[in-house]
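Colleague: One structure coming up, written as structure tokens, with questions to follow.
What follows is calculated from the coordinates using simple rules that are stated; it is not laboratory data. Remember, predicted model here, so these are calculated numbers, not experimental data. Positions of Cβ are backbone-derived with ideal geometry, glycine not excepted, and every protein chain shown enters the neighbour counts.
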Amino acid sequence: MQTGDEYTVKIEKISTGGGIAKIDGQVVFVENSCPEDITKIKITKINKNFANADIVEIIEPSPHRVEPFCPMQKVCGSCNMQFIDYEFQLMLKKQIVEDAMTKIGGIGVPVNDTIPSPKTKNYRQKIQYPAAQKGSGRIVAGYYKPQTHDIVNIKYCPIQPEICDKIIEFIKEEAPKYNISGYNEQKHAGDLRHIVIRGSEYSGKFLVTLVINMDLSLRGGHKSDVVISYDYNDYAIATPSARNDNKFLALAQDIFEKFDEVSGVCINFNNKKTNVILGAKTVCVAGVDFVEEKILDKVFKIGSDTFFQVNPKSAENIFKYVKEEVKKFENPTILDAYAGIATFGIVVSDIAKSVVSVESNKNSIEKAKEVLRENNICNVEVFAEDTVKYLKSIKKKFDVTILDPPRKGCSLDSLDETLKHTKEKIIYVSCNPATLARDLKYLCEKGCTVESIQPFDMFCHTYHVENVVIISV
Ligand SMILES: C[S@@+](CC[C@H](N)C(=O)[O-])C[C@H]1O[C@@H](n2cnc3c(N)ncnc32)[C@H](O)[C@@H]1O
């Protein structure tokens, strides 16, 4: 097999790298293909254990192909399953999880059917668009074309709430009027790096964050471009005079005044040469620094840099599922590790004896504390700390641990500490089947038993899939 060779193949299954065909036993990933397609493909790259190919011609389309509802689907590439019917997407996600479990985890437990998302359009309540400058001075913002840093200028995205398109278009139009330029990644120059929006199904409100290529280093005084003062709680505020003098504050104020749906506008300072979207410092310069989201009967506060599931309706199904599992215990003690804004901890607080939520992001813990105070919840303790460090500092054991790490999964230290501090069950919540399978393998080697694996469709029309695994210790 050589680059440029053409073959006619049948797509056998799907993976997170695209459809899979086999040529003389060799795995070939074919982008934008659907299982059961018969296609002519051209090899684009040969790697050690697999090859990549593009479709040259679809000879016989899979019966599961549908017309994508987004006109940008092919160019944008974010919704890489949108041309596959939804029922089949759910089946394919189950198959992706099964493959990870058997191939990486060596786990033979049957995977349940994927629980669908209650909403499959306009579901995404977290938008992070990179922004850049065109030669004409126009600002563009959207998603990167797959495998590139070329921005597809998106004016309409049917997986996010419609108002977000309007807010983003407004920012693109207004920013140049204030001499705000789009970011140039190669030159590390220009002003606006990202537009970040956090939305809420419950309140219909949106928190807008403008990520700018600047640092905020002076506290309580003047920075060359942004004048900020601090109130008695050490909370950064923009002074009225600053609003007149400063282009970013003026744009923020305009956004806030234009859209009733906007609860607040923040500026995030990120002048590092990095792919990380948000810098360490954020100030709220109009309205409030959160949106409220309701999960079951609890209302949470989501800030610009606090973690919250992107699809609150599907997340609610996960929270219900986890709560049902916790209900099997009488008055249990719960460890909520990698807690974010203590969402799991707070959701199960009324059926638990006590909960400890541990999270490394201080702002998330501050938001959790506000919710605990406002709802008079007294049996949840929150700690702004690294999970492993916290667990190493205590002797206590918990009946149930809810473990919800980032995509990279848990370190061995973290799994060891979790085991040491859990009496009965670990409920492992994961957005990455590969790292989940790796961690389950380790837990099984240490004597645990995987009881069930339940996929949820949190990220409709993409390869991504969320899972909840019940493990007995
Ligand atoms: C997938 S999110 C889960 C958040 C929360 N459980 C929820 O459902 O909203 C993972 C969280 O782990 C936090 N995190 C990452 N590394 C951590 C660490 N070493 N110790 C504690 N928290 C960490 C992140 O800030 C993030 O909030």
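Colleague: Among DSSP bridges having both ends in the range 6-65, what percentage is antiparallel? Round to the nearest 5.
Modeller: On the way: 21 of 25 bridges.
Antiparallel: roughly 85 percent of the beta bridges in the range 6-65.
Colleague: Taking 7 Å along the Cα-to-C-beta vector as the label spot, tell me the residue 6-residue 392 distance in nanometres, rounded to one decimal.
Modeller: Roughly 6.0 nm, to one decimal.
Colleague: If I stretch the segment between residue 260 and residue 441 completely, what's the gain in nm (0.36 nm per residue apart, minus their alpha carbon distance), one decimal? Could the numbers behind the result be given before it?
Modeller: Values: separation 181, 0.36 × 181 = 65.16 nm, distance 4.96 nm.
That works out to 60.2 nm of additional length.
Colleague: Per q in 0.12 Å⁻¹, report the Debye log10 I(q)/I(0) for the range 6-65, using one uniform scatterer on each alpha carbon and no solvent.
Modeller: Here the Debye-derived log intensity ratios amount to -0.22.
Colleague: Could you tell me the convex hull volume per residue, in Å³, taken over the Cα atoms of the range 17-152? Could the numbers behind the result be given before it?
Modeller: Numbers: hull volume 23.3 nm³, N = 136.
Expressed per residue, the convex hull around the Cα atoms of the range 17-152 is 171 Å³.
Colleague: Can you tell me the Rg and the Dmax, both Å, for the Cα atoms in the chain?
Modeller: Looking at the chain, its Cα Rg and Dmax stand at 23.7, 71 Å.
Colleague: Further, regarding this structure: Just to be sure I understand: of the beta bridges DSSP finds with both ends in the chain, what percent are antiparallel, rounded to 5?
Modeller: Details: 69 of 102 bridges.
If I count the DSSP bridges inside the chain, around 70 percent turn out antiparallel.
Colleague: Would you please give the FRET efficiency between residue 420 and residue 119, computed as 1/(1 + (r/R0)^6) with r the Cβ-Cβ distance and R0 = 60 Å, to the nearest 0.05? Provide the component values of the computation, followed by the final result.
Modeller: On the way: r = 40 Å, r/R0 = 0.67.
The pair residue 420/residue 119 has a calculated efficiency of 0.90.
Colleague: With charges set only on the Cβ (+1 for Lys and Arg, -1 for Asp and Glu), what does the dipole of the chain come to about its Cα centre, in debye to the nearest 20? It would help to have the intermediate numbers written out before the result.
Modeller: Details: 61 positive and 63 negative charges, 175 e Å.
Using Cβ point charges on Lys, Arg, Asp and Glu, the chain gives about 840 debye.
Colleague: How big is the Rg/Rh ratio for the range 72-175, C-alpha atoms only, Rh by Kirkwood, two decimals? Mind dumping the intermediate values first?
Modeller: Values: Rg = 17.9 Å, Rh = 16.2 Å.
Using Cα coordinates only, the ratio equals 1.10.
Colleague: Once the Cβ-Cβ distance between residue 156 and residue 350 is put in as r, and R0 is 35 Å, what FRET efficiency do you end up with, to the nearest 0.05?
Modeller: Details: r = 42 Å, r/R0 = 1.19.
It comes out at approximately 0.25.
Colleague: Sticking with this one: Which FRET efficiency value, to the nearest 0.05, do you get for residue 407 and residue 56 by plugging their Cβ-Cβ distance into 1/(1 + (r/R0)^6) with R0 = 35 Å?
Modeller: Values: r = 33 Å, r/R0 = 0.95.
Taking R0 as 35 Å, the efficiency between residue 407 and residue 56 is 0.55.
Colleague: Could you give the length gained on full extension between residue 147 and residue 272, defined as 0.36 nm per residue of separation minus the Cα-Cα distance, in nm?
Modeller: Working: separation 125, 0.36 × 125 = 45.00 nm, distance 2.19 nm.
Gain on extension, residue 147 to residue 272, equals 42.8 nm.
Colleague: Ok, one more. Report the per residue volume, in Å³, of the convex hull enclosing the C-alpha atoms of the range 347-473. Could you put the intermediate results ahead of the total?
Modeller: Numbers: hull volume 15.6 nm³, N = 127.
Looking at the range 347-473, the number lands at 123 Å³ per residue.
Colleague: How far apart, in nanometres, would the label points at residue 13 and residue 188 be if each is projected 7 angstrom from Cα along the Cα-to-Cβ direction?
Modeller: That separation, rounded to one decimal, is 4.4 nm.
Colleague: Using the basic label-point model (7 angstrom from Cα toward the beta carbon), what is the residue 48 to residue 65 distance in nanometres?
Modeller: That separation, rounded to one decimal, is 3.5 nm.
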